[in-house]
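The values are calculated or read from the model by the stated rules, or taken from the named source; none is laboratory data. What you see is a predicted model, and the numbers here were worked out from it, not measured in a lab. Glycine also receives a Cβ, built like all others from the backbone with ideal geometry; neighbour counts cover every protein chain displayed. Keep in mind that these areas ignore ligands, DNA and RNA; they rest on the heavy atoms of the full protein, side chains included. Shrake-Rupley method; radii C 1.70, N 1.55, O 1.52, S 1.80 Å.
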Amino acid sequence: MRLQPKALTSAILATLSISASAGSLTPPAGPELPASAMYGLSDLYHRLHSGAAGQLRSGPFVGPTAGPAATGFSLNQIMAVAPTLDNTNGATAAQVLQGRRFWGLRGDGWGAISGTMVNQAARSFTPSAQEQTIPAGFYDGSGKVLGDGDLTAGNIRKDVTVFGVTGTLSPPAGNATADQVLFGMSFSNATSTNLVGNMPNRGAITMTPSTQNQAIPNGFHNGSGIVVGDGDLVPGNISSGISIFGVPGNLIGASGTATPGQVLAGVSFSNSSGAATGSMPNRGPLNHTPTTTSYSVLAGYYSGGTILGDTALISDNIRSGTQIFGIPGSVIPATGEAQAAEVLSGVSFSNSGGPATGSMPNRGPLNHTPTTAPYSVLAGYYSGGTIDGDPDLLPENILEGVTIFNVIGTASSGIDTSDATAAPTDLRIGQTAYVNGESISGTRYPAPVAQSGVTDCFDTNGTLISCSGSGQDGEVRAGVEWPVPRFIDNEDGTVLDQLTGLTWLQDAGCSGDVDWDGALQFASWLAAGECGLSDGSVAGVWRLPNVRELASLIDFRFADPGLSNAIGDGQWSAGDPFSGPLDNYSVWSSTTAASDAARARVVRFRGDGMIGFQAKVDSPGLLAWPVKGGGWESDFMVSGEGMVSGV
């Protein structure tokens with residue numbers, strides 16, 4: 001049979017009082033007082049087993065009405081759920097994420113401990129020619145070792161392997177020159193790439209034999225050119241004793257071959273047909289200077305003359321790919337868009353505008369030692385240089401929380417914190433501070449609940465009683481304490497709530513009766529010059545408050561309305577600090593009701609202060625009470641009946 005937990009506790013304490021001294025056994029209070037309540041072995045078991053908080057009795061001690069039953073827990077059961085020393089599997093601080101708390105089971109780390117494992121979060125690495133060390137710590141799974149879409153065989157030199165990809169890119173080879181490659185065709189050789197051939201493209205050349213030798217021009221012939229033949233090249237058409245291209249003539253011709261047009265006008269002659277008189281015009285001397293167009297030479301006799309030449313008609317003065325009077329050019333046109341400021345000073349070059357000389361300053365080597373201020377690098381060419389490093393740029397030499405050139409400091413500030421009094425509950429969760437030389441981690445949540453304002457206590461009949469030992473709100477007064485004063489009149493038509501940091505329109509009734517959509521528009525259009533405002537605000541600064549912001553104004557000590565005065569020591573009255581019919585009106589919030597999206601949440605300051613809901617349209621108009629800024633966000637539970645209570 002097991003003893004009742006309370007009885008078993010008493011028995012154990014009685015035994016301990018005989019065998020050992022383990023602290024005072026004097027009860028904290030008489031049994032008729034609630035303060036005499038103590039936790040039992042059952043509370044201890046559940047605390048170890050599930051983390052349950054335990055429950056003290058709330059009234060005076062009442063003796064048992066029956067003997068102990070087989071309930072409760074033995075010391076063996078309690079020891080069975082208690083943590084045990086485990087140096088093999090027990091975690092160390094380095095195995096738990098930094099800032100996380102856990103219960104250490106090791107002999108060298110027993111009890112509540114904070115993890116020290118560095119949180120590397122999402123970290124990415126870019127492969128390079130050198131190996132990179134991956135820092136120890138926790139990675140959240142979203143980091144990467146970056147890839148590169150250009151890591152393909154075609155971008156890597158043949159037979160060279162980069163990260164497992166073997167290249168197929170062949171470097172240029174060969175000894176062809178531009179004169180050996182057809183004009184306009186690009187090619188590479190062993191020393192250069194992106195070359196262009198300049199061998200003339202002759203295409204299909206047709207040559208007609210004459211009395212003179214004709215040179216065959218150098219260049220590319222496409223195979224369709226010809227040396228023209230003539231069907232009249234036969235002996236009967238060739239004078240006897242004459243051989244033309246190996247064909248001997250046998251023609252015995254009449255005397256004279258001239259025709260009248262070949263003989264000067266007025267001059268008589270004979271040809272194979274007999275006597276005749278010449279008709280060839282006498283043109284005199286022919287003198288001509290070549291131009292871009294052909295010159296027509298009239299038929300007739302010329303007594304000489306001159307076709308002018310030009311000493312500048314040479315290949316070096318003619319555009320490459322162009323011929324002028326049979327002279328092929330060799331001048332490559334200047335191209336490019338480089339400007340003088342983009343070419344090193346004193347270096348000549350050409351662009352599409354012609355020859356030029358660079359003006360880019362030659363700065364020489366760039367040597368710099370980093371400081372607290374940015375260093376301006378002047379425009380120009382630098383022949384290398386050094387950005388100095390410093391071997392003392394280490395985390396331990398930098399103040400904790402400070403980052404210098406991507407090195408995060410770990411050094412203590414060295415500030416004397418021996419007189420600091422902050423506790424974890426004073427710091428927001430996730431924040432740290434040094435107190436008495438030790439680092440503490442905040443436990444305060446970012447949206448604490450404010451006090452309700454209630455300071456009195458009542459029995460079930462509504463009679464005022466002492467709050468001592470009642471456990472009522474008036475005794476506990478849990479939550480953030482109200483500042484004094486609660487509200488400050490900014491004397492510009494606005495009121496600051498020092499509890500939440502929100503700024504309210506002082507004239508809460510300025511909107512008059514509006515529906516929900518009208519309330520939203522009224523708040524968004526509000527600006528200085530309206531509703532007594534002289535704060536310089538413009539349209540878009542003000543907004544309709546959400547239900548939590550409105551509910552944060554409720555003072556649960558009062559009714560009709562549930563709102564305090566500016567100081568916070570009494571009930572609101574008109575103008576202190578707000579004006580408007582707040583004692584007889586409800587106010588729209590910007591929050592839509594979850595149970596019916598056609599209705600919106602409203603706060604009723606009349607009565608005891610309640611949160612309810614009302615149809616957005618086709619219902620009595622309510623007030624729109626604009627707010628601006630942002631601050632503390634309270635926690636409330638809203639029932640379907642519209643009642644509000646603190647959580």
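Quick notes on this structure:
- Sequence-ordered 3J(HN,Hα) estimates for the stretch 154-163 from the Karplus curve with 6.51, -1.76 and 1.60 and θ = phi - 60° stand at x, 9, 10, 4, 3, 6, 9, 10, 10, 6 Hz, glycine and proline given as x.
- DSSP beta bridges in the stretch 58-157 [antiparallel fraction, %, rounded to 5]: 55
- Long-range HN-HN contacts of R100 with modeled amide H, under 5 Å: G115
- Sparse-neighbourhood loop sites, chymotrypsin sites (Phe, Trp or Tyr not before Pro) in the stretch 351-430 - DSSP loop, at most 15 other Cβ within 10 angstrom: Y375, F405
- Measuring max minus min along each principal axis, the C-alpha atoms of the stretch 149-238 give extents of 84, 21, 19 Å (largest first).
- Surface composition of the stretch 249-356: carbon plus sulfur atoms contribute 55% of the solvent-accessible area (1.4 Å probe, protein chains only, all chains present).
- Percent of C-alpha pairs per 10 Å bin in the stretch 422-489, short distances first: 18, 29, 28, 19, 5, 0.
- DSSP bridge orientation in the chain - percent antiparallel, rounded to nearest 5: 65
- Kirkwood hydrodynamic radius of the stretch 218-278, Cα pairs, Å: 14.5
- Residues of the chain: accessible area per residue with a 1.4 Å probe, Å²: 63
- Per residue convex hull volume, Cα atoms of the stretch 301-404, in Å³: 163
- Taking amide H as placed 1.01 Å from N in the peptide plane, the amide H of S452 sits under 5 Å from none that are at least 5 places away or on another chain.
- Taking each residue as 0.36 nm, the span from L182 to L399 lengthens on full extension beyond its C-alpha to C-alpha distance by 71.1 nm.
- Whichever aspartates and glutamates have a C-alpha closer than 13 Å to that of K628, once near sequence neighbours (fewer than 8 apart) are set aside: D497, D535, E549
- Of the chymotrypsin sites (Phe, Trp or Tyr not before Pro) found in the stretch 268-306, those in coil by DSSP whose Cβ has at most 13 other Cβ atoms within 10 Å are Y295.
- Given +1 at the Cβ of Lys and Arg, -1 at the Cβ of Asp and Glu and no other charges, the dipole of the chain around its Cα centre is 2440 debye to the nearest 20.
- Percent of C-alpha pairs per 10 Å bin, the stretch 457-534, short to long: 15, 28, 21, 20, 15, 1
- For the stretch 30-139, radius of gyration divided by Kirkwood radius, i.e. Rg to Rh on alpha-carbons: 1.27
- For the stretch 117-183 and the stretch 365-387, distance of Cα centres in Å: 29
- Cα-based helix-to-principal-axis angle, 516-525 vs the chain, degrees rounded to 10: 60
- In the chain, the longest principal axis of the Cα atoms and the axis of helix 5-19 are about 80 degrees apart.
- Rounded tilt (10° steps) of 41-50 against the dominant C-alpha axis of the chain: 10
- Summarising the amide proton neighbourhood of I324: residues at separation of 5 or more, or on other chains, whose placed amide H is nearer than 5 Å comprise G329.
- Of the whole protein surface, H288 contributes about 40 Å² of accessible area at a 1.4 Å probe radius.
- In order through the stretch 314-322: 3J(HN,Hα) via Karplus (6.51 cos²θ - 1.76 cosθ + 1.60), integer Hz, x for Gly, Pro: 10, 4, 5, 10, 10, 4, 4, x, 10
- About the Cα centre, charge dipole magnitude for the stretch 329-438 (Lys/Arg +1, Asp/Glu -1 at Cβ), debye: 720
- Hydrodynamic analysis of the stretch 371-465 uses the Kirkwood radius over alpha carbon pairs. Inserted into Stokes-Einstein at 20 °C and 1.002 mPa s, it gives a translational diffusion coefficient of 112 µm²/s.
- Estimated Rh, the stretch 556-629: Kirkwood, alpha-carbon pairs, angstrom: 13.1
- Over the stretch 479-584, the alpha carbon radius of gyration divided by the compact-protein estimate 2.2 N^0.38 Å works out to 1.05.
- Accessible surface of the stretch 123-166 [probe 1.4 Å, protein heavy atoms]: carbon and sulfur percent: 52
- Each part gets one Cα centre, and for the stretch 414-460 versus the stretch 560-616 those centres are 31 Å apart.
- Translational diffusion of the stretch 59-203 was estimated from the Stokes-Einstein equation, with Rh taken as the Kirkwood radius over Cα pairs; at 25 °C and 0.890 mPa s the coefficient is 102 µm²/s.
- For Kirkwood radius over Cα pairs in Å, computed directly from the structure shown, the correct entry in (1) 39.8; (2) 25.4; (3) 26.3 is (1).
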